[in-house]
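Inspection log for the structure reproduced underneath, given as structure tokens.
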Amino acid sequence: MPTTTGPTPPRADVPGAGLRPRGRHASHEHGTARRVLRVAAVALVVLALAAGAGGVYAYQRLQGNITAQDVTGLLGQRPDEGAGADETSPVNILVMGSDTRALADGTGDVYGGVEADPGARSDTTVLVHLAGDRESATLVSIPRDSVVQIPACTAPDGSTVEAHVDIFNSAFSEGGAACTIRTVEALTGVYVHHYAVVDFSGFRSMIDALGGVTICTPQDIDSERANLHLEAGTHRVDGETALAYARVRYGIGDGSDLSRIERQQALMSSIVQQVTSSQMLLRPDRLYSFLDAATESVTTDPELAELGQLVDLAQSLRDLPAGGVRFVTVPTEPYPPNEARVQWTAAAEDLWQRIRTDTAGAAQATPTATADPSATSQLVVAPGDVTVQVLNVGAPAGTAGAVSEALAGVGFAVAGAGDGEATDPSAPVLVRHGPQRADSAATVAAAFGGAPTEVDDSLGRTVVVEVSSAAYSVVDVRPRVTGAAPAAPAAPSPTIAARVATDDICA
């Protein structure tokens, strides 16, 4: 596979700096996931204790790297905070990527031989929701081109930003982090407990500290504007190229911010997997470089700026299961007056309601091993949260289509139907699923009265149903989903696509 050490991007639109995952991930085993989530805590202990005085110095340096800025007085009236701030309470952290390029001497940073525009923008904004039980985390990307109502804000210089309708990312450029927080809280009713602004160059340095990261592009990228030229396929890239990949908008896909968000989420997944597999705890030099780059590039609220608080937060996530981290995007539709813009759909309110009530990760509860065919068993994943593909592996022609229609009729998201070879010809219906989709497979299996399930390591989010006989029936299992109302006459909840941190980056 080709290896790219990276061209340098000049100007592009969206900073990749908001793509910093802080230890909420997993790769292939629950134990590995828990270890990675404790990297920050263990690393600081290693640096502060195992290395003696030098470790203490390193700890103090990392603490000194973080810039703290209290914006509480600029937030005005706020939503209800909820249950509190202990280890059993949900935590919402708003992460903003900033392309501030000012250097210590006051000049602008230079990329690709072109001096960047002065000032700061935040085109990447992610709301990180950590569930109260710390068994799931949902990272919500907010499209920068969303046309929204921005409330009146007080800018850092004391000036007033009048309430107005504009694209979402203008809140940061006009009023800084405080205005972005105020806008998110006003639009969603979600209380933001902490915030973090990660700068443009810090993201690049973190990738380099990891020794690079793997990206996967399904098509050639040939962007003169971003000075990024990659053939389709998988590439190992340095921080400069990863930053260009995160920021590039034109010359790839449909050129929209939404397609760029998909690439950014795949990149975040790749970083998660890289941290997991890099054995950072066995490389103190790389570990320290990564932590140094991460802390030096971030501005946070005073509480989150304390390393002790970060350690506590990391330790509270020690039992987050593999596959418990989801990346989602606020549901949008074209904004009629300007097709280059988008507006939030009704499904967005369903998403924010799940965040407010700490049920966003309900579909990612700890997977059950098999489906219980009894009519009284409860299921943890609703059909609307399961994507299914149906394969005819020996049944009469048209069976796959009929099964697809039946599954769609009871709420499943059907990805398509076709023909295939039977994995187990003796099973009239067989449900195959990826390693992190046992709970979704249980819902599908229950819809067939308790069909057998089988793990298929090659699968990601989609659950595959193999049908080898016309002797099948599909039942409505929605009333059996924990906390779900009966399917009729209630309308099903909107389906919001999600990427799991452990999904194949090429998916």
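Mind listing the phi-derived Karplus ³J(HN,Hα) values for segment 443-454, rounded to whole Hz, using 6.51, -1.76 and 1.60 with θ = phi - 60°, and x for any glycine or proline?
5, 5, 4, 5, 5, 9, x, x, 5, x, 10, 8
What list of ³J(HN,Hα) values in whole Hz, one per residue of segment 159-168 in order, does the Karplus curve 6.51 cos²θ - 1.76 cosθ + 1.60 (θ = phi - 60°) give from phi, with Gly and Pro shown as x?
After applying 6.51 cos²θ - 1.76 cosθ + 1.60, I find 6, 9, 9, 5, 4, 6, 9, 6, 6, 4 Hz.
If I stretch the segment between A470 and Q69 completely, what's the gain in nm (0.36 nm per residue apart, minus their alpha carbon distance), one decimal?
Extra length available between A470 and Q69 comes to 137.9 nm.
Would you grab the residues whose amide H sits under 5 Å from the one on T154? Only those 5+ places off in sequence or on another chain, please, with H modelled 1.01 Å from N.
Distant-sequence amide H within range of T154: V161.
Report the label-to-label distance for S159 and D220 in nanometres (one decimal), using points 7 Å from each Cα along the Cα→Cβ vector.
My value for the distance between the label points is 4.6 nm.
Please list, in order, the residues from segment 415-458 whose amide nitrogen is less than 15 Å from a point placed 7 Å along the Cα→Cβ vector of A408.
415-418
Given H placed on each backbone N at 1.01 Å, which residues far from V500 in sequence or on other chains put an amide H within less than 5 Å of it?
F327
Under a 1.4 angstrom probe, counting protein chains only, how are F203, F448 ranked by accessible area, largest first?
Details: F203 5, F448 30 Å².
Result, largest first: F448, F203.
For D208, D419, D292, D358, give me the order by solvent-accessible area with a 1.4 Å probe, most accessible first, ignoring ligands, DNA and RNA.
Solvent-accessible surface, decreasing: D419, D208, D358, D292.
For segment 392-468, would you read off the P(r) tail past 16 Å as a percentage of all alpha carbon pairs?
Tail of the P(r) past 16 Å holds 46 percent of the pairs.
In what order, largest first, do R341, R480 sit by accessible area if the probe radius is 1.4 Å?
On the way: R341 70, R480 35 Å².
Per-residue accessible area, sorted high to low, gives R341, R480.
Tell me which residues come under 5 Å, amide H to amide H, from Y195 once H is placed; ignore anything under 5 positions away on its chain.
Excluding prolines and chain starts, which carry no amide H, the hits are L94, D301.
E306 versus Q77, label points 7 Å from Cα toward the beta carbon: distance in nm?
Those two pseudo-labels are separated by 3.1 nm.
Just to confirm a number: summing +1 for Lys and Arg and -1 for Asp and Glu over residues other than A400 whose beta-carbon lies under 11 angstrom from that of A400, what do you get?
Here the count lands on -3.
The values are calculated or read from the model by the stated rules, or taken from the named source; none is laboratory data. From a predicted model like this one, the values you see are computed outputs, not experimental measurements. Glycine gets a Cβ as well: all are built from the backbone with ideal geometry, and neighbour counts include every protein chain shown. The accessibility values were calculated without ligands, DNA or RNA, using every heavy atom of the protein model including side chains. Shrake-Rupley method; radii C 1.70, N 1.55, O 1.52, S 1.80 Å.
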